[in-house]
Amino acid sequence: MSRRSMIEIVGDAELAKERWNFSVGDNVATAFIRPFWWGKHSRFQHFFFHTPLVYFFVFGSYFFHDYPWFPTKGRRVVKQFLETKWGKKW
């Protein structure tokens, strides 16, 4: 069963027929996590993600996004977004 078929849209039958073709690419975090969550290493999922070890992943994400990513790429990405139709609503 696809994830799309698990979403129920109530009230607008025409809207339910729309397909926006979103895609989500991999990054270092998702490429690392996927085998432990759904793949061949899933037996270690509890150890990494349901114990205090998960805070290392949280810290890694915080550090990466706030220090190397935002100053070098993120600021430009956010600025471009704020100039779009949706960004102006922010």
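Laboratory data are not the source of any read-out in this text; all were calculated from the coordinates shown. Treat the numbers as computed from the prediction; the structure is a model and nothing was measured. Virtual Cβ from ideal backbone geometry, glycine too; neighbours counted across all protein chains shown.
List of remarks:
- Region 1-59: chymotrypsin sites (Phe, Trp or Tyr not before Pro) falling in loop per DSSP and having at most 16 other Cβ within 10 Å: Trp20, Phe22, Trp38
- Cα gyration tensor category, rounded, prolate or oblate, for the chain with a/c compared to 1.5: oblate
- Within the chain: Cβ-based charge dipole about Cα centre, in debye rounded to nearest 20 (Lys, Arg +1; Asp, Glu -1): 260 debye
- Under the combined filter of DSSP loop state and at most 16 neighbouring Cβ atoms within 10 Å, region 10-42 retains these trypsin sites (Lys or Arg not before Pro): Arg19, Lys40.
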